[in-house]
């Protein structure tokens, strides 16, 4: 019985040593370091948000988070509403001969280039 226990202890010690050596040699195996506390990967432009911007939003999942299907539904509705309002605004500006805001035009051009790549 003691011989089996001795083999088991040696086996566990060898496993621990191999794990430690492998961890030191090969590292954590992650290509990017974790984000610092208090930061998020979720981004939206400061102005000129479009439906495509809302579609591109990535939300962090948590243990006590929101139901994914509900969040997706809300984001789809929000994106559609933003596109509708921007279309109506463009139509009103065209009807009254008001030039489009330069910042909005730059955002649209940058967004179109991002979608192409």
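Among residues belonging to region 17-41 that are surrounded by 10 or more Cβ atoms within 10 Å (Cβ to Cβ) and modelled with pLDDT of 75 or more, point out the one that is nearest to residue 80 (Cα to Cα).
Taking the candidates together, the pick is 23.
Going by the conditions given, is residue 8 modelled with pLDDT of 75 or more, surrounded by 10 or more Cβ atoms within 10 Å (Cβ to Cβ) and either under 24 Å from residue 80 (Cβ atoms) or touching a strand residue (DSSP E or B) at 6+ places or on another chain (Cβ under 8 Å) (or both)?
No, not satisfied.
Quick one: which of 43, 54 is touching a helix residue (DSSP H, G or I) at 6+ places or on another chain (Cβ under 6 Å) and either in contact (Cβ under 8 Å) with a residue 40 or more places away in the chain or in the same structural domain as residue 69 (by TED's automatic domain parsing) (or both)?
54
Would you check if there is a residue in region 83-100 being without any contact (Cβ under 8 Å) to a residue 40 or more places away in the chain, over 27 Å from the mean Cα position of the chain (by Cα) and at positive phi?
Within region 83-100 (the criterion being without any contact (Cβ under 8 Å) to a residue 40 or more places away in the chain, over 27 Å from the mean Cα position of the chain (by Cα) and at positive phi), the answer is yes, since at least one residue qualifies.
The values are calculated or read from the model by the stated rules, or taken from the named source; none is laboratory data. Bear in mind the structure is a predicted one, so any value in this text is a computation, not a measurement. We place every Cβ from the backbone using ideal geometry, glycine too, and count neighbours over all the protein chains shown.
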